[in-house]
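Below: one structure, written as structure tokens.
No lab work stands behind these numbers, since they all come straight from the coordinates. A quick note: this is a predicted structure, and the numbers were derived from the prediction, not measured. Don't worry about glycine lacking a Cβ; one is built from the backbone with ideal geometry, like all the others, and counts go over all protein chains shown.
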Amino acid sequence: MSHIPPLDPNVAARKGFRESEERLKRFWKTVDVAAEGDGWAVRLDGRVPKTPAHARLILPTGAAADLVAAEWAGQGEFLDPGTMPATRLASTAIDRVSRVREAVADEIAAFAGSDLLCYMAEAPASLVAEQAQAWGPWRDWAARTHGITLEVAEGLTHRTQDPAAIARTRALALALDDFALTGLATATPLLGSAVLALALQQGEIDGAGAFELSRLDEAFQERQWGIDAEAAERTAARRAEAVLLDRWFRALG
């Protein structure tokens, strides 16, 4: 099987979803979900839509299917994939992550080797203190709860982490089903932190809170120098993605 770049699998899914769906005119009137086998199918006028790889759109829980169904129900005259992030996550899980689970887990674990929460500023003192107060408890949580003990570095110099911590992160990722693993693989690069992504997946922190922790340095700079309008727009889009991922994980139960 050819190699499929695993991390942030939504990138490829978006491409396929756009190619197959972006010009589709709405043809359905009703949207609902129905139990099917061990999962829940999204239905458009009683028929199950397909993923970009032509698999049936079936999710593991009714709540997750409801999340996807709401996106289809909310479409206007033409289908707009940009307003369907949960549908993209579901399609990614079904079409791609199910085929490359080991590689996806490897990439998530690699983030633990250079986790955002381990790289502390050398100055100014106010930022150093803020990082210590905000990030330290989450490193402690990872060590206490999961045995992921990560060492702290100052500045940008790489700090090699204990292989056991990397292996433990990988094992936690592989223990998830395809849908939760897809969410974790999306959250990890978004937050720059396997620790924060795991905390979000496990319901220890909400999406908005995890996102704000991930951009602590950026927010500090904004307080010093002001906020650029384009940067603010990008930040809002990333925050919305983090909030959606929170809803995704909670829907998966």
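Comparing Leu127, Leu213, Leu59, which has the greatest mean-square fluctuation in the GNM of the chain with Cα pairs linked when under 10 Å apart?
In this elastic network of the chain, the residue with the biggest mean-square fluctuation among Leu127, Leu213, Leu59 is Leu127.
Please list 3J(HN,Hα) in residue order for the stretch 29-45, calculated via the Karplus relation 6.51 cos²θ - 1.76 cosθ + 1.60 where θ = phi - 60°; whole Hz, with x for glycine and proline.
10, 10, 10, 8, 10, 8, 4, 8, x, 8, x, 10, 9, 7, 10, 10, 6
Using only helices, what value at 222 nm comes out for the chain when you add -39,500 (n - 2.57) per DSSP H run of length 4 or more and divide by the total residues, to the nearest 500 deg cm²/dmol?
-18000 deg cm²/dmol
Can you give the longest run of the chain that contains no GluC sites (Glu not before Pro) sitting in a DSSP loop with at most 16 other Cβ atoms inside 10 Å?
The answer is 23-76.
Determine the shape class of the stretch 96-203: with a ≥ b ≥ c the square roots of the Cα gyration tensor eigenvalues, call it rounded for a/c under 1.5, and otherwise prolate if a/b is greater than b/c, oblate otherwise.
Cα axes put the stretch 96-203 in the prolate bin.
For Met84, Met120, what ranking results if the residue with the fewest other Cβ atoms within 10 Å of its Cβ goes first?
Met120, Met84
If Lys and Arg each add +1 and Asp and Glu each add -1, what is the summed charge of the other residues whose beta carbon sits under 11 Å from the beta carbon of Val42?
The answer is 0.
Taking just the C-alpha trace of the chain, give me its Rg and Dmax in Å.
Gyration radius and largest Cα-Cα distance of the chain: 19.4, 60 Å.
How big is the gap, in Å, between the Cα center of the stretch 24-89 and the Cα center of the stretch 151-211?
29
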